[in-house]
1. For a test of the definition: using alpha carbon positions, the gyration tensor, and the 1.5 limit on a/c, classify region B:2-96 as rounded, prolate or oblate.
2. Take the protein assembly as shown, compute every pairwise Cα distance, and split them into 10 Å bins from 0; I just need the percent in each bin.
3. Do me a favour and compute the ellipsoid semi-axes for chain A from its Cα gyration tensor, root of five times each eigenvalue, largest one first, whole Å.
4. Between the alpha-carbon centers of region B:266-315 and region A:47-122, tell me the distance in whole angstrom.
5. With a Förster radius of 22 Å, plug the Cβ-Cβ distance of residue B:88 and residue B:291 into 1/(1 + (r/R0)^6) and report the FRET value to the nearest 0.05.
6. With bins 5 Å wide starting at 0, give me the P(r) of region B:102-314 over every alpha carbon pair, in whole percents.
7. Rounding to the nearest 10 and keeping the result within 0 to 90°, find how far the Cα-based axis of helix B:283-314 lies from the longest principal axis of chain B.
8. If contacts are Cα pairs under 8 angstrom and at least 6 residues apart, what is the relative contact order of chain B in percent?
Amino acid sequence: MNSVHKPDVAVETAVKPAVKPIVELKDVNKWYDDFHCLKDINLTVTPGERIVICGPSGSGKSTMIRCINRLEAHQSGEIIVDDVVLHEHMQGIDKVRSEVGMVFQSFNLFPHMTIAENCMAGPMWVQGVPKGEARRLAMKYLEQVRIPEQADKYPGQLSGGQQQRVAIARSLCMKPKLMLFDEPTSALDPEMVSGVLDTMIDLAKEGMTMLCVTHEMGFAREVADRVIFMADGEIVEENTPGEFFDNPREARTQQFLSQIL
Amino acid sequence: MQEARLLSKTPFVVALYAAFFVLLFLVDMSGTGFAELLAPAIGSDGEGSVYARFVTSVTLSAIITLGIWLIGKLQFNAQRVTVWLIMAGLFMLFFTSFDLSFEFIQSKIWFMVSQGILTTLYISVVSISIASVLAIIGAVAKLSSNGFANGLASFYTSFFRGLPLLMQVYLIYLGLPQLGFVIDAVPAGILALSLCYGAYMTEIFRAGIESIPKGQWEAARSIGFKFGLTMRRIILPQAIPLIIPPTGNQFIAMLKDSSLVSVIGVWELMFLARTLGQKDFKHMEMLITAAMLYWILSMVLEYAQSHIERRYRKG
């Protein structure tokens, strides 16, 4: 992997006030019973931004991105996704979700459907796309993730890395405005990781807005505009990848980096 | 293979022989048909004597032990078949000891099949179908976060699992007319069976649905599937193969529980078994015939179920 530093791009997006954010979290708090898992989270994501979120396990990073498509509910503060405020009694959360792609650590493909059907399900049943067109769409994105030849197999017949790339294609078929990745390579065998990362890098280069919870530091260096470090439910440090890795500000960041690098 | 190894140990075989000997000696087989076969050895006037008891039990326990030892030598499948045949033979012996009138059975059996089995099957099939619909609704309600739905569903399952089915049959058949809904015996029976089995099957369906990983829900919901669509397209297609085998069990159980609706005068198998022989004092004939018919039906269904199970295990 070549490590291209792009701190200037990040600075640019950060100072451009005119661009309307696609995701905004304002003073978001969340508790699991007594456990305060998100503490006053503030985050603004502009279209096209690539953000990598890292931190020790239990730091709330997965919870935070799962709040963005409301797989988890927050208890206070405000989350705005593409001008829609997420709250308890809202109508149309399904519409928001259909515009936010999500890739899970455990792939979560539908095992009773073929690979193509997995990809066609959303367009056909949520967006009402005719079957033929849905199939074309599915093949287009399966080609993009480089496994079109697996279209008529079942998920159980594919390797973990292939399944994860199908999961990415399945999300892309919905033409999302934003993609959330929840530790997409953590459940993979080491030799499968690079195939998935290459797919994600391609996606980043096409300008997809991405929020990735990952510990793949090479990926973070190569594509991220910003790296966010979370610990104990708080955002501890937010920095450009170059600064984050080479010159971290916070002691907790330094300690974390010394453990994983 | 535990038995095969045990039977190759001489002390075990001797102990088995001794146990049978003591048992048979205490039971005293000297007055039976078997003792008559041994008359040359005992002498014809030996009935009841200690010597006659001794000779019969020595011989009979030797035959039994030898039989068991021989079966122990067979392969698994041959063992199975032999045991089945011996048990069936013993049952036949038991039944013929009632001195049954086979002409009487012959004269009634066609009616028992055409009226009795048909009604039993009809009631069971209709009831299991309605019960399955109730079970899906009940399971979804039980899993929902809606307090009303959950309350209704858990009350339903608690009530109908908590009362004896026989009482439910009476309550529906005798109770509904008092409220102004006059109901025939057959629909009353179907209603009782459906409600009761629907309650049991609600738990089966709930467990089946819950066994589908949470990630399937999350993946479907994150694509924008609503609850109903997720259930129909993602969860149920995966849960139903898990639900079908226990539902088959429920159906076999219901086939026999449908005999309870005979108390309200539905002409199904059990009702005919109780009534057809009454006039001629041939109760045993009809009861045993009905018992055999129930058994055959269950065996056919068990066979069908094992096929379905195998198909879904592959799929």
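No lab work stands behind these numbers, since they all come straight from the coordinates. As the structure is a prediction and not an experimental result, all values here were calculated from the model. Note that each Cβ is placed from the backbone with ideal geometry, even for glycine, and that neighbours are counted across all protein chains shown.
1. Verdict is oblate for region B:2-96.
2. 3, 12, 17, 15, 13, 12, 10, 8, 5, 3, 1, 0
3. On the way: eigenvalues 170, 98, 62 Å².
So the three semi-axes of chain A are 29, 22, 18 Å.
4. A separation of 54 Å, based on Cα centres.
5. On the way: r = 14 Å, r/R0 = 0.62.
So, using R0 = 22 Å, E works out to roughly 0.95.
6. It works out to 1, 7, 13, 15, 16, 14, 12, 9, 6, 4, 2, 1, 1, 0, 0, in whole percents.
7. 60 degrees
8. After rounding, I find 18 percent.
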